[in-house]
Amino acid sequence: MKKTIGFIVSISLMGCFTLSAQQLPLISQYVQNDFVLNPAIAGNKDYAPIRTSIRNQWAGLEGNPNSQTLSFHSAMKNPKVGIGAFLFNDKIGPISQTGISASYAYHLKLSNESKLSFGLSGLLSIHQLNTNQLKFDQQNNTDNVLTTGDFKAYYPNFSFGTYYTGKNYYVGLSIPELIQTKISNSKDYFIIQQARHYYLTGGYKFKLNENYTVLPSFLIRYVSAAPIGIDINASFEAFEKFNFGISYRKADAIVPFFGFRIKETYILCYSYDITMSGLNKHTRGSHEITLGYNLHRKKSNASIQ
């Protein structure tokens, strides 16, 4: 664990590279950057948010996961239609995934205070294995496949989501990658077994008075062959400018966070994952920063998002 991530090396020695179970990166600031989890959110706000997030997971561990996203979404002239897109890059050890996703959403107004949205997005990504970062005994290793060259695999997919908002609450369900398939290069040296993921989110806003708001929320992640992931979040907002709180990720981490908004336009949020699993002996925790800019923002009592 001190020099490299053990499962990467052990699986690599088999002569091919196969990944399954939970494959999408973790996100601590899912409230501030919710669109990347659910395409139905595109155009669902009264402003057009631009967000960029940087996550350094398990800092201090060589080959630790790192991910970056850049996203934008907005309503069209027809308020029932929203569009959005995001770029992403995710790297763990010698494996990297880079891609782009474009989304379309349709919003149905059910009442003056409620709306039901549906979203669909197309995804194109490139998966790569850099064998130069794998460590072998060069004198005794006889498998030339994993000691020469870089392997790439191209992967199209689709995501679907639905999102319901009421006066003070929301709930959403999304499937980030609908197609379950094997991703491989032309010689099948580099294989990823893609698994379908499910995200369930929800939250309720308690307005204490004109200046203070509390927003509890949750995120449930499910994928076959992996434990169910549960995040419970409680955030406190003051004067529609300052936001701070704490999250609990089941059997994994406690996450304190804070954020602030300048002139209702510029957003900065930071979170720190305090590792609770067995990795806490090898890592200094995880860091995540989100920067944002809100276009055409209207006066609103929404949380910092």
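Just so you know, all these numbers are worked out from the coordinates, no wet-lab data involved. Every value quoted in this text rests on a predicted model; they were computed, and no experiment measured them. Glycine gets a Cβ as well: all are built from the backbone with ideal geometry, and neighbour counts include every protein chain shown.
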Diffing region 155-162: the Karplus 3J(HN,Hα) column from phi (6.51, -1.76, 1.60, θ = phi - 60°), in whole Hz with x for Gly and Pro, holds 9, x, 7, 9, 10, 9, x, 9
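Among 245-255, 203-213, how do they line up by average Cβ neighbours within 10 Å per residue, starting with the highest?
245-255, 203-213
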Report the normalised scattering of region 207-249 as log10 I(q)/I(0) at q = 0.30 Å⁻¹, calculated by the Debye formula with identical scatterers on the alpha carbons.
-> -0.98
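Could you work out the local net charge near LYS109, counting Lys and Arg as +1, Asp and Glu as -1, over the other residues with Cβ closer than 9 Å to its Cβ? Please list the in-between numbers first.
Values: positive: LYS80, LYS115; negative: none.
Charge balance near LYS109 sits at +2.
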In whole Hz, the Karplus estimates of ³J(HN,Hα) for region 207-212 (6.51, -1.76, 1.60; θ = phi - 60°; x where Gly or Pro) are 8, 6, 6, 5, 10, 10
Three-way shape call for region 32-119 based on the alpha-carbon gyration tensor, with the a/c threshold at 1.5 = prolate
What list of ³J(HN,Hα) values in whole Hz, one per residue of region 197-206 in order, does the Karplus curve 6.51 cos²θ - 1.76 cosθ + 1.60 (θ = phi - 60°) give from phi, with Gly and Pro shown as x?
-> 10, 9, 10, 10, 10, x, x, 9, 9, 9
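Grab the other residues whose beta carbon is less than 12 angstrom from that of LYS241, score K and R as +1, D and E as -1, and report the net.
Details: positive: ARG261, LYS263; negative: GLU237, GLU240, GLU264.
Result for the neighbourhood of LYS241: -1.
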Between their Cα atoms, which of LYS207/LYS263; LYS167/LYS241; LYS207/LYS250; LYS77/LYS109 are more than 23 Å away from each other?
-> LYS207/LYS250
Compute the signed sum of charges (Lys and Arg +1, Asp and Glu -1) over the other residues within less than 11 Å, Cβ to Cβ, of PRO79.
-> +3
